Amino acid sequence: MSQPWGRTLKSESSGLQELLVSAAELKEMCDYYFDGKGKAFRPMIVVLMARACNIHYNNSKEVQASQRSVAIIAEMIHTASLVHDDVIDDANSRRGKKTLNQIWGERKAVLAGDFILSAASVALARIGNTTIISVLTQVIEDLVRGEFLQLGSKENENERFAHYLEKTFKKTASLIANSCKAVSILGCPDPKVHEIAYQYGKNVGIAFQLIDDVLDFTSCADHLGKPTAADLKLGLATGPVLFACRQFPEMNAMIMRRFSKPGDVERARKYVLQSDGVQQTTYLAQRYCHAATREIRKLRPSPEREALVHLTEMVLMRDK
């Protein structure tokens, strides 16, 4: 399914290419990530949602130019956030190749991320709809707040899990939820449809990240395209760790010191794999996917609606 939408992303991006052309080196850095080889997961969801909402409202399969722009803007914001994340985390690989900061250095990588974000802002302004601008700028605020949430941790177990889910929403799901909401606003005047689109994107986005956190423990680095146990090495307690902590309370101390002592990362990984942490996180992702399916089935039946249902299954089955 992803290949045609990858081509759509590339063809739609060509209309925005002038936004990404500046100094030769800056263009090279931007093109490095926009090579058409990513999953194109976010623009795929957004275009499908646009069509599903348009069909629901007036039985039109045509995707408006402004809706296509939202799909591209979503991918640009996402890519800019990856570039900045890699600098913050000092990551050396992403999507199976070296990160920008490894090749061009941290300073230039930060500027490249800023540049992609500014290009997205220009494209957003060109849509000329203040409601859409408000919806999508919320994503950028959430990304920053999510990054700050990731820097902290909670001692109380229940607070810790709520903190983790809030961070997951802001860093991952907000982009999908608000992009889906934006195209629904552009295609249909009914606020109920806007809420359906938002809730679908929110639930799929959280599930996507939960599975990502599972794969950090179950997938090999070569297959995943980035190092495994990366979150533990960064001092982060994700779903599998938090569930494992319920069976192995001795992990609490490691979580609070962010796995900073020698041997913490290896011990924590061993506890997770001995526990039902991976299984419980997968179950939680399934519940979010079921919630997304319930929401999207409120729209009029269409092939695009069914594709969005199928996409929730793909999220659960993915291995990279």
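The values are calculated or read from the model by the stated rules, or taken from the named source; none is laboratory data. Predicted, not measured: the structure shown is a model, and the values here were computed from it. Methodologically, a virtual Cβ is constructed for each residue, glycine included, from the backbone with ideal geometry; neighbour enumeration extends over all protein chains shown. Quick note on the areas: whole protein, heavy atoms, side chains included, nothing else; ligands and nucleic acids left out. Shrake-Rupley method; radii C 1.70, N 1.55, O 1.52, S 1.80 Å.
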> Does anyone have the angle between helix 65-89 and the longest principal axis of the chain? Alpha-carbon axes, 0 to 90°, nearest 10?
Replying inline: 20 degrees
> Hey, got a sec? Which trypsin sites (Lys or Arg not before Pro) in the stretch 176-248 land in a DSSP loop and have at most 13 other Cβ atoms within 10 Å?
Replying inline: none
> Just going by the charge dipole of the chain, with Lys and Arg at +1 and Asp and Glu at -1 on Cβ, which of G128, Y32, V315 is farthest out on the positive end?
Replying inline: V315
> In the stretch 26-97, what trypsin sites (Lys or Arg not before Pro) fall in a loop by DSSP, with at most 12 other Cβ atoms inside 10 Å?
Replying inline: K37, K61
>> If amide hydrogens are placed 1.01 Å from N in the peptide plane, which non-local residues have theirs closer than 5 Å to the one on R94?
In response: T99
> What do you reckon, how do T293, T312 stack up by accessible area (1.4 Å probe), largest on top?
Replying inline: T293, T312
> So, counting K/R as plus one and D/E as minus one, what does the shell of residues with Cβ under 12 Å around Q138 add up to?
Replying inline: +1
> Name the GluC sites (Glu not before Pro) in the stretch 119-190 that are in a loop by DSSP and that have at most 11 other C-beta atoms within 10 Å, would you?
Replying inline: E155
> Per residue, how much accessible area does the chain have with a 1.4 Å probe, in Å²?
Replying inline: 45 Å²
> Which ³J(HN,Hα) values in Hz, rounded to whole numbers, follow from the phi angles of the stretch 289-303 under the Karplus curve 6.51 cos²θ - 1.76 cosθ + 1.60, where θ = phi - 60° and Gly and Pro get x?
Replying inline: 5, 5, 5, 4, 5, 4, 5, 5, 6, 6, 7, 4, x, 6, x
> Calculated from DSSP H runs of 4 or more alone, at -39500 (n - 2.57) each and per residue, what is the 222 nm mean residue ellipticity of the chain, nearest 500?
Replying inline: -24000 deg cm²/dmol
> How high is the relative contact order of the chain, in percent, with contacts defined as C-alpha pairs under 8 Å that are six or more residues apart?
Replying inline: 19 percent
> Over the stretch 130-255, how many percent of alpha carbon pairs lie in each 5 Å bin up to the one with the longest distance?
Replying inline: 2, 11, 17, 19, 17, 13, 9, 6, 4, 1, 0
